[in-house]
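The values are calculated or read from the model by the stated rules, or taken from the named source; none is laboratory data. Values in this document were obtained by computation on a predicted structure and should not be read as measured data. Every residue, glycine among them, receives a Cβ derived from its backbone with ideal geometry; neighbour counts consider all protein chains shown.
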Amino acid sequence: MTEQSPALDNLLTESRTFPPSEQFAGQANAKAELYATADADREQFWAEQARRLTWDTEWTQVLDWTNAPFAKWFVGGKLNVAYNCVDRHVESGHGQQVAIHWIGEPGDTRDITYAQLKDEVSKAANALTSLGVVAGDVVAIQLQMVPEAIVAMLACARIGALHSVVFGGFSPTALRARVDDAAAKVVITSDGQYRRGKAAPMKANVDEALEGAQTVEKVIVVARTGDDLEGEVPWTDGRDVWWHELVEAQPAEHTPEAFDSEHPLFILYTSGTTGRPKGILHTSGGYLTQVAYTHHTVFDHKPGEDVYWCTADIGWITGHSYIVYGPLANRVTQVVYEGTPNTPHEGRHWEIIQQHKVSIYYTAPTLIRTFMKWGADIPARYDLSSLRVLGSVGEPINPEAWIWYRDTIGAGKTPIVDTWWQTETGAIMISPLPGVTATKPGSAQRALPGISAKVVDDQGVEVPAGGGGYLVLDKPWPSMLRGVWGDDERYRETYWSRFADQGFYFAGDGAKYDADGDVWLLGRVDDVMNVSGHRISTTEVESALVSHPTVAEAAVVGATDPTTGQGIVAFVILRGSATDQGDNAVQELRNHVAKEIGPIAKPRQIMVVPELPKTRSGKIMRRLLRDVAENRAIGDVTTLADSSVMDLISSGLNSGK
Ligand code: 6R9
């Protein structure tokens with residue numbers, strides 16, 4: 001690897017390890033022997049994990065990898081995913097257990113028991129059926145963190161329809177691209193959403209997205225903001241229907257049908273190296289097996305005792321796997337919070353933890369760094385003694401944030417699980433096991449029992465201890481993606497061509513082994529940025545920029561950012577005819593990107609430059625632009641077609657032009 005992530009310097013400064021306490025180890029779900037058991041017979045190990053679930057028909061074969069890279073897990077098995085997440089807990093006598101402590105941003109709350117969840121999901125399943133949705137159809141969901149989002153996902157699963165959840169912050173253009181790509185038949189959304197104390201329209205954006213859309217027959221609208229929203233909710237008669245009118249009228253009885261283990265469960269779009277997002281496809285039996293297993297083992301979850309809170313949004317894979325499927329399959333009691341962490345005050349998360357006695361808390365490094373910025377005195381005002389496991393996901397966690405998390409939030413004693421995984425892997429792949437692993441700040445450490453990961457060089461040869469290279473997964477796993485929606489070639493090309501000879505899955509992340517052979521993740525090695533744990537491709541933002549009439553050319557890089565991990569920095573060449581080259585032009589471009597993709601893709605900084613640094617073959621040298629963006633001395637320019645370009649760029653910027 002020539003370009004090392006800037007995180008590396010930071011990673012090397014903290015060398016303490018934190019072994020589990022005897023008390024924790026004694027009660028832990030995870031046992032050290034699991035690694036050896038799984039290694040001895042992987043398929044047998046996964047078959048045992050699959051028995052966490054309730055199957056209508058048992059599988060006849062654990063893994064069929066004959067058509068690699070297209071896997072089949074638990075071949076011949078049949079199950080209903082929603083039954084596993086809801087009904088079976090009611091049948092086993094836990095109908096009165098709270099599944100979801102829901103907290104709205106304005107302070108309204110709803111506690112939903114498993115018995116109530118079963119009724120809600122059944123009614124929603126009947127509702128979708130009444131609209132003509134059948135197994136195999138796609139339902140797009142753009143909803144904020146309201147209970148209906150979870151109910152809608154489970155209702156789809158219950159009838160074998162695929163959901164495609166689109167993050168609430170995505171623009172109409174982004175929603176439309178996803179609706180079209182998957183040929184969604186129904187869209188579920190809300191009238192509006194609360195954001196920092198204000199009601200913002202949601203349905204109006206969906207309407208804009210769906211203008212002229214060919215496949216969408218019905219739009220179901222959850223009433224959330226009601227009268228708080230200014231103006232009328234735009235309505236198309238015959239197409240639009242209120243959730244409460246449609247769903248409440250349905251019977252609460254619904255018989256779940258058993259689907260094949262490989263029946264598609266959902267599509268979730270994620271950024272790749274090109275501008276077009278990929279629809280990552282996940283299926284039923286293997287996915288549910290691995291999310292349930294990892295939720296149990298990595299978070300040490302004890303049903304009926306723990307109160308769990310994953311702060312992700314259901315628009316991301318973490319929300320799918322660790323709010324909806326894994327936790328509910330394991331009969332969790334969990335907090336779901338609608339709002340932002342500083343509404344109405346910066347102690348909101350700690351207040352919620354204190355009130356609900358949250359014992360397992362799973363969040364992202366970007367938020368931890370934000371909490372650090374707000375100050376340790378804020379969490380200090382709350383009783384956080386219920387916490388016993390803390391988790392991190394989304395990007396490498398710098399040791400400083402790790403230590404702060406453990407000391408300030410975890411009273412210096414909770415195990416921290418730094419979990420590495422991806423939309424594509426479906427579930428956690430690399431993580432310490434609480435009660436087993438002596439943790440190291442900044443390292444995700446070791447592939448879970450049953451999972452195999454390696455760090456390899458350019459040739460695909462495993463690097464020795466101390467060496468760095470690319471992270472690969474060298475053996476199939478149950479929750480692996482089954483493809484890219486509608487594009488088998490892109491699936492092979494993106495993930496399986498880089499190390500085709502070895503048959504490795506290429507994750508797109510750089511990594512290194514330390515002297516003990518533990519894995520440290522070093523950030524993406526491709527053109528994917530990681531902003532607050534959200535994947536955004538440089539190409540996607542570049543395309544948005546050049547779609548603006550004033551922009552001739554654009555290059556985008558992810559620059560290290562103390563809070564968000566990376567920040568988006570764009571370099572643009574404006575067209576000769578663009579009269580305004582100043583602040584207004586830049587502001588307009590930032591807003592344009594927000595409109596094209598969504599506010600999360602808004603560049604932190606846009607620099608107007610006269611030229612872009614290119615190689616002789618015309619490739620933009622982002623490495624040099626990153627040097628500029630991070631205020632570093634500019635690196636080697638010898639491969640530039642015109643080596644004076646960097647001087648031109650720097651002098652232009654220094655003179656404030
Ligand atoms: C779950 C999720 C995946 C990318 C992944 C990597 C980064 C996630 C990480 C991590 C270091 C961790 N990533 N967890 N890097 N340490 N614990 O985030 O999925 O949105 O698809 O992003 O995020 O770069 O390749 P997704």
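Scanning the stretch 528-555 for residues that are more than 13 Å from the ligand (Cβ to nearest atom) and in contact with a strand residue (DSSP E or B) (Cβ under 7 Å, 6 or more places away or on another chain) returns Thr538, Val541, Glu542, Leu545, Val546, Thr550, Val551, Ala552, Glu553, Ala554, Ala555. Note on the stretch 34-74: residues that are closer than 27 Å to Pro327 by Cβ and outside any helix (DSSP H, G or I) total 15. Among all positions in the stretch 396-409, there is no residue which is more than 18 Å from Thr318 (Cα to Cα), in a loop (DSSP other than H, G, I, E, B) and away from the ligand (no atom under 13 Å from the Cβ). Comparison of Gly326, Gly279, Gly339, Gly272 shows that the only residue that is within 14 Å of the ligand (Cβ to nearest atom), of a type outside the set (D, E, K, R) and in a loop (DSSP other than H, G, I, E, B) is Gly272. When every residue of the stretch 256-268 is checked against the conditions, none turns out to be farther than 28 Å from Ala71 by Cβ, within 14 Å of the ligand (Cβ to nearest atom) and either more than 26 Å from the chain's Cα centre (by Cα) or at pLDDT 95 or above (or both). Gly192 meets all of the listed conditions (1) out of contact with any Pro (no Cβ under 8 Å at 6 or more places or on another chain); (2) small (Gly, Ala, Ser); (3) buried (at least 19 other Cβ atoms within 10 Å of the Cβ) but one, namely (1).
Scanning the stretch 470-495 for residues that are outside any loop (DSSP other than H, G, I, E, B) and crowded, with 17+ Cβ neighbours inside 10 Å yields a total of 10. Annotation note: Cβ proximity below 6 Å between a residue of the stretch 470-482 that is over 9 Å from Gly286 (Cβ atoms) and of a type in the set (Asp, Glu) and a residue that is at pLDDT 95 or above and assigned to a loop (DSSP other than H, G, I, E, B) (sequence gap 6+ or interchain) occurs for Asp474/Ser452; Asp474/Phe504.
When each of Arg446, Arg406, Arg388, Arg381 is tested for being of a type in the set (Lys, Arg), surrounded by fewer than 19 Cβ atoms within 10 Å (Cβ to Cβ) and modelled with pLDDT of 95 or more, the lone residue that passes is Arg381.
Criterion first (without any contact (Cβ under 8 Å) to a residue 60 or more places away in the chain, outside the structural domain of Thr423 (by the TED database) and under 28 Å from the mean Cα position of the chain (by Cα)) does Ile220 satisfy it? Taking the combined requirement at face value, the residue does not satisfy it. Looking at the stretch 582-603, is at least one residue exposed (fewer than 13 other Cβ atoms within 10 Å of the Cβ), part of a loop (DSSP other than H, G, I, E, B) and touching a residue at least 24 places away in the same chain (Cβ under 8 Å)? No: zero hits. Scanning the stretch 48-63 for residues that are surrounded by 17 or more Cβ atoms within 10 Å (Cβ to Cβ) and of a type outside the set (Phe, Trp, Tyr), we see that the one that is farthest from Thr255 (Cα to Cα) is Leu63. For the stretch 480-527, the tally of residues that are outside the structural domain of Thr289 (by the TED database) and within 13 Å of the ligand (Cβ to nearest atom) stands at 20. Restricting to the stretch 92-101, count the residues that are free of Cβ contacts under 8 Å to residues at least 40 places away in the same chain and assigned to a loop (DSSP other than H, G, I, E, B). Matching residues across the stretch 92-101 total 2. Would a scan of the stretch 452-467 turn up a residue that is closer than 24 Å to His301 by Cα and either outside any strand (DSSP E or B) or touching a Leu at 6+ places or on another chain (Cβ under 8 Å) (or both)? Taking every residue of the stretch 452-467 in turn, at least one turns out to be closer than 24 Å to His301 by Cα and either outside any strand (DSSP E or B) or touching a Leu at 6+ places or on another chain (Cβ under 8 Å) (or both).
For Val389, state whether it is among the β-branched types (Val, Ile, Thr) and within 16 Å of the ligand (Cβ to nearest atom). Yes, satisfied.
Mind checking which pairs have a first residue in the stretch 489-509 that is of a type in the set (Lys, Arg) and a second that is within 12 Å of the ligand (Cβ to nearest atom) and at pLDDT 95 or above, Cβ under 7 Å, 6 or more apart or different chains? That search, which allows pairs on different chains as well, returns Arg498/Phe506. Just one residue in the set Tyr491, Tyr495 is under 27 Å from Ala364 (Cα atoms) and of a type in the set (Phe, Trp, Tyr); that residue is Tyr495. Being over 19 Å from the mean Cα position of the chain (by Cα), in contact (Cβ under 8 Å) with a residue 12 or more places away in the chain and surrounded by fewer than 22 Cβ atoms within 10 Å (Cβ to Cβ): is that true of Ile353 here? So Ile353 fails the test. So Gln566 clears everything in (1) in contact with a helix residue (DSSP H, G or I) (Cβ under 8 Å, 6 or more places away or on another chain); (2) crowded, with 19+ Cβ neighbours inside 10 Å except one condition, right? Which one? Here Gln566 meets the rest and fails (1).
Taken over the stretch 604-622, the criterion of being surrounded by 14 or more Cβ atoms within 10 Å (Cβ to Cβ) and modelled with pLDDT of 85 or more is satisfied by Arg604, Ile606, Met607, Val608, Val609, Glu611, Leu612, Pro613.
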